[in-house]
Each structure stands twice: as C-alpha cells, then as structure tokens.
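What follows is a single structure, written as structure tokens, with notes after it.
What follows is calculated from the coordinates using simple rules that are stated; it is not laboratory data. Bear in mind that the values here come from a model prediction, so they are computed numbers and not experimental data. All Cβ positions, even for glycine, are placed from backbone atoms using ideal geometry, and neighbour counts span all protein chains on display.
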Amino acid sequence: MDQLQDSLGRRIRYLRVSVVDACNLGCVYCMPSSRVLFTKFSNLMSPSEIGTIVEAAAEVGTRTVRITGGEPLVRHDIAEVAGCISDVGLIDDIPISTNGIFLREKAESLSSAGVTRANVSIDSLQPGVFREVTRGGDIGRVLEGIKAAARSGIWPIKINTVLMNGINDGELVEIARYALDHDYSIRFIEMMPLKSNVAFQPKLFFPAARAKKLLEEHFHLSAVSHASETGPAVNYGVEGYQGHVGFITPLSGNFCSRCNRVRVTSDGRLRMCLFGDNMVDLVGIIRAGGGRDEVAAKLREMIQFKPEKHYLEIGKTSSETLFAMSQVGG
C-alpha cells in the first residue's frame, strides 16, 4: 500500500462515491426546476464495480469512503453497495450523505452493512419552508429517519444546512439548537453557484460570517483545537453541548489548500475537484477487463492533475460540466 499524493503534496485519503444521480427531492440550490434526465439504473455502477474502485483507492491510501448521490437511498441495493465497500477491509470509515426521507426504513440494513455515520440535509424545520426548498419534502419523515439511524448505531449524526438569504436565515439558531439538543453536530454551508442556479445564487447567498455572528448571540463558540486540517469545515465547540458547529465557506474562505478528497461520479468517472472538469472513466477500465491494479494505476496517474483550487465567485461557477449538485453529491 502506498499513499496517494497530488502534485502539491496534498495526501488524498478520502473518496466520495456518487452511487446514483437521481433524487426523490429537487432542492432549489441543487437542481433546476425543469425536468432532469437521470442516468438509467442499468447504466449505474454495480455494487461489485464500486467495490473494485474502492479496493483500488484503498491500495493507494484511501481510508474514508463516503456514499453520496443524488439520493443514495433511492437505490434498492444500497445496503449491498455499502457491504461491498465494507468488505474491502482497509476502509475505516463509511459515512453516507442523505436527505433522510427513506432513512427510517433503511437505517438498520445500512448499519448492518457497515455504514458508520450519516450527514443529513435539513435546510428548514418549518414544514412549509422545507417543502418549498426541497420541492416536496416532508421534514417529519427526515426527523424520524435521523432517530432511526441513531438507534441503529449509525453515529455520529451531522446536520447539513445550506445558508439561504430570505429563506432560512431567520431560523439558523433554531436549527442549530435542534441539532445540539440531540447531540448532533451541524455544518452551515455557503450556497455554491452551479449552472442551474447561477441566475439567482447572488440573491440567496448568505455568508457564513453572518451566520456565525447570529449564533454567537445565543451560544458560546470556541475553536476546536483538534479539528482536522484537511476537511472543508471550520469547526467550533459549543459550551454545554457535545456536538460541534461548523462552517463551510467555498466563497468567503477558500479551503482548497487542505483538500484531501476526490470523487467518483455515478457513471464511474473520477473527478479530481468538485468544480474541476477534468475527469477520467474508471468504470470503463473495469468493463474492459481491468481490475484493482489497473484502476489504482490510473488513480496514481490522474491525481497529478488535481487542480490547485476552484475559481468560484458569487454568481459565477467554475465548472462547465456540473449542472446540478446531484450529479456528483457535493
């Protein structure tokens, strides 16, 4: 086993695998209001193909594999997918990102298959606002799903909240209190410009610094001394609570210098940067008869093309291929 390292010396130990680009919701910051053509399920990576890619990534030093989507729980074989990742053996951590709608029904099987922890999206606790933001979501089902995940041993739980001016900025304290009262952590994320939202992203943009200032009126935040230097969030401990509050600032505070991750899209292409368009087909190697070693060799080769940083600006995206976040799971 060697260590995957890019041309800038960043050690890549984290792989995000989008197992499907379809989603049962249509969050306004993620997907356009018009109809989206998703990949046919028959064309998605199979559980065994995902397992081979993860084996290759483990060979070059990956130790965390996050299951993302779209919404990963729309896959009927999602527990099998998780099991194929877990069976690799060298993977220490298998988190999942989900909107939580189907989590109540699938939490136990996911836990049994090896899923370790979960990030769940909650952009509002108000049923009407949540329904509007997600284009049809039921916040009650999400909250029930989170409880089911915790009962099944999927822990810790982290809440992800996209900051949106005029939509949820008035309930950020309430969302944080919900998370902290249940011993969950929470991350507030600045809304990123995509090709599908770039027209209205400036109007909805709410900087993390303003969110932090609002929270400090109600909570005592202190920088977490042991926070990872390789993750995107800046995390704070909260006096009187176990969970942390974090802020992800792709626009107001670039964190690319400490990026430790790459992504695989639902159609099996390696994407070195969320907002970088340079990709290579990994699943094609497998379907042409290649295996772990061939995929690992391609990972070593292509990681040298991981860009130094993204070039996002408010109202300006830096990717021509990323139309909706559901394509690659954030």
Practice prompt. Using only the alpha carbon atoms of the range 128-250, find the Kirkwood hydrodynamic radius as the inverse mean reciprocal pair distance, in angstroms to one decimal.
Written response: 15.4
Worksheet item: Once you mark the GluC sites (Glu not before Pro) that are in a DSSP loop and have at most 14 other Cβ atoms within 10 Å, what is the longest gap between them in the chain?
Response: 1-216
Item to complete: Select from the range 177-218 those trypsin sites (Lys or Arg not before Pro) which occupy a DSSP coil region and have at most 15 other Cβ atoms within 10 Å, ordered by residue number.
Response: Lys195
Fill in: Distance-filtered residues of the range 295-314 - backbone nitrogen under 17 Å, label point 7 angstrom along Lys195 Cα→Cβ
311-313
Item to complete: Rounded to whole Å and sorted largest first, list the principal axis extents of the Cα atoms in the range 14-327.
Response: 58, 43, 42
Item to complete: Give me the distance in nm between label points sitting 7 Å out from Cα along the Cα-to-Cβ direction at Asp277 and Asp92, one decimal.
Response: 3.7
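Work out the FRET efficiency for Glu217 and Asp183 from their Cβ-Cβ distance, taking R0 = 22 Å, and round it to the nearest 0.05.
For R0 = 22 Å, the calculated efficiency reads 0.50.
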Worksheet item: What are the trypsin sites (Lys or Arg not before Pro) within the range 62-103 that DSSP puts in a loop, where the Cβ has at most 14 other Cβ atoms within 10 Å?
Response: Arg63
Worksheet item: Using the alpha-carbon atoms, what tilt in degrees (0 to 90, nearest 10) does helix 103-113 show relative to the longest principal axis of the chain?
Response: 40
Fill in: For the range 277-330, fraction of C-alpha pairs farther apart than 19 Å, in %
46
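Could you give the size of the charge dipole of the chain about its Cα centre, using +1 on the Cβ of each K and R and -1 on the Cβ of each D and E, expressed in debye and rounded to the nearest 20? List each step's numbers first, then the result.
Numbers: 37 positive and 37 negative charges, 84 e Å.
Using only the charged Cβ atoms, the result is roughly 400 debye.
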Item to complete: Would you please name the chymotrypsin sites (Phe, Trp or Tyr not before Pro) within the range 220-311 that are DSSP coil residues with at most 15 other C-beta atoms within 10 Å of their C-beta?
Response: Tyr311
Worksheet item: What is the gain in length, in nm to one decimal, between Ser257 and Asn43 on full extension, counting 0.36 nm per residue of separation less the C-alpha to C-alpha distance?
Response: 73.6 nm
Fill in: Label point distance in nm, Arg210-Asp169, each placed 7 Å from Cα along Cα→Cβ
0.2
Worksheet item: Which value in deg cm²/dmol, rounded to the nearest 500, describes the helix-derived mean residue ellipticity at 222 nm for the chain, given -39,500 (n - 2.57) per DSSP H run of n ≥ 4 and division by the residue count?
Response: -8000 deg cm²/dmol
Fill in: Free-standing Cys residues across the chain, given no other cysteine C-beta under 4.7 angstrom
Cys23, Cys84, Cys256, Cys259, Cys273
Item to complete: Using only alpha carbons, build the gyration tensor for the range 6-155 and give me the equivalent ellipsoid semi-axes, biggest first, whole Å.
Response: 27, 18, 15
Practice prompt. Check the straight Cα-Cα distances from Lys213 and name the lysines below 29 Å, setting aside those fewer than 8 residues away within the same chain.
Written response: Lys158, Lys203, Lys309, Lys316
